[in-house]
Structures are given as structure tokens and as C-alpha cells.
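Notes follow once the structure below has been shown.
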Amino acid sequence: MGYAELASVSRGFARMRSLKQFLQRQLHFIVIGGFLSILLIACQPLAQSQAPDASPPPETSSETVDQTEAVGTLELPPLPYAFDALEPYIDAETMELHHDRHHAAYVNNYNEAITDYPDLQSQGVEALLRNLDVIPEDVRITIRNNGGGHVNHSMFWQIMSPEGGGEPQGQLAEQINQTFGSFADFQTAFEEAGANQFGSGWVWLVSNNEGNLQITTTLNQDNPIMQGAFPIMGNDVWEHAYYLSYRNRRAEYLDAWWNVVNWEEVGRRYEQAVQG
Ligand code: MN3
């Protein structure tokens, strides 16, 4: 074999070596690429199955009319009339502060308190108020005060109206007469109970455990549902409800309040109580 032939064979071997290296690199890409593809496919069902748990869909349906029955986080319901609509009996500034600050704060505080408790979120605010014992102790008072505040005020805006005043009608009027003697006697008793409520709270007309009408009061933001009664109507006797216009004259506010009571809505609530 001559020198020229040897050199040719040597170049041939060199080409084969570089081809082998090339194929090895390609093989690496194919193996790593294949492995990544399998990993991606394997993880996909896992990711899909985990997604609903990570962010549960809101359980409130758009058909839920009664805001207070909604589960999950609360929303501040819009005031159904203008801030100044109840003047001169309730001034615009009081209404704005009462709705946009006080009620909004109850909603925000409640939502913050239930953030870490999906179990509580799934039960809804009224269910929790009816059964305070199921609430972990560290958030029980917060949920009681702010959940109660939300339920109470959501009712409060609805049972007042610029076209309010006058007297109840129908079955409710009959029951009030039967229970309290007359509408005027009922008003007197309701105002007295409200005036005598020491400190912050509410005065209520409820359908009690026996299904009878009764005037009651609650402290702070407690709601009659906590005692198994149905709140037909209630007046807020916290100072924030009247202090700007009436100062310390709560009795004057209680007397003026009848001018804005929406008896149509109160009557609807009474029917709800009767139907259970
Ligand atoms: Mn209030």
C-alpha cells in the first residue's frame, strides 16, 4: 500500500468518526425531546384535574335574587334609590356614609375573615349566623358582627322607600291589629323598644318561634335568625343611622322613620315568614 492510499483510508476513517459523532448528537436530541414530550403529556391530565380545585367556580348563580342568601363572598348591594331620596327624614350624608362606608366595611371585613375557610364560604352568611358554633373561634366574632351587619343592612335599604309611609295592608295589618291592638299601639311599642335599647343595636318586628308577631331588640349587629325568629322589619338604632340630623334624639328619629317605611316590602317579608 502506497502513501497516497494510506492517506485516503485515513480520511475515510476520519469522515466515519465525524458521522458517528453527528449521529450521537442527533440521538441525544431525539431521546431528550421524546422524554420531554412524554413528561408534558403525562402532566396534562394532572393539571386539568387540579385546575377546578385550585380555583373553584363561584357557587352563586345569577338567578340568586336574594343577596343575603348568597354563598361565598359577599357583595355590597346597590342602594335602591339616591342618597337624598329619603330626605327630610334621613339626610343624604347619613345615607352615603351608612351605605358606602358602614355597610361596605361589613362586607369587606366578612370577606377577609372567610378567605381562609372554604368550608364557611360554601355555607352562606345566613346559615352561619343561624349556627355560629360551626365557625372557628378566631373568626367567629368577626363573622357574627360583619355577617350580621350585611344581612341587617341589606334588609334595611329594601324596607325603606321615598314612596314609603302610610300603613301596612292585608294580612300583616290584620295580624298587627290582633297582636298589638292597633297600628298606632304597635308603633308606640316599637318606638319604645327602640328607644330603650341600650347602646348600639336594632329594634325588630319578628315572626317568633311560635309563628306569632313580636317586637324584639338585638345588640350590635345580631339578627333575629340567630334565635330562630324571622325578621319581618327592623330599624337601625346605632348612632350612625341618625346622629348627623337628630344628634342624641333617638326617639325623634324613631318617630320620623315611619315616613320612609316601605310597607309593600315589609308585607312581602311577612308572607315569606308565614310560608316558612
Ligand atoms: Mn347601620
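Being over 27 Å from Ile135 (Cβ atoms) and surrounded by 15 or more Cβ atoms within 10 Å (Cβ to Cβ) is true for just one of Arg269, Arg250. Which residue is that?
None of the other options fit; the residue is Arg250.
Return the residue satisfying two criteria in turn: it lies in the range 230-247 and is more than 10 Å from the ligand (Cβ to nearest atom) and part of a helix (DSSP H, G or I), and of such residues it is surrounded by the fewest Cβ atoms within 10 Å (Cβ to Cβ).
The selected residue is Tyr243.
Exactly one condition in (1) within 15 Å of Val266 (Cα to Cα); (2) charged (D, E, K, R); (3) within 16 Å of the ligand (Cβ to nearest atom) is not met by Asp222; state its number.
Among (1) within 15 Å of Val266 (Cα to Cα); (2) charged (D, E, K, R); (3) within 16 Å of the ligand (Cβ to nearest atom), the lone unmet condition for Asp222 is (1).
So which residues in the range 131-164 are under 15 Å from the mean Cα position of the chain (by Cα) and either more than 30 Å from Ala92 (Cα to Cα) or among the small types (Gly, Ala, Ser) (or both)?
Gly147, Gly148, Gly149, Ser154
Please find, within the range 248-271, the residue that is nearest to the ligand (Cβ to nearest atom) out of those that are free of Cβ contacts under 8 Å to residues at least 40 places away in the same chain and within 24 Å of Asn145 (Cβ to Cβ).
It comes out as Tyr253.
State yes or no: is Ala251 within 26 Å of Leu97 (Cβ to Cβ) and not in a strand (DSSP E or B)?
Yes; evaluated as a whole, the condition is true for this residue.
Bear in mind that the values in this text are calculations on the coordinates, not laboratory data. None of the values given here were measured: they were computed from a predicted structure. As a convention, Cβ positions derive from the backbone with ideal geometry for all residues, glycine included, and neighbour counts pool all protein chains shown.
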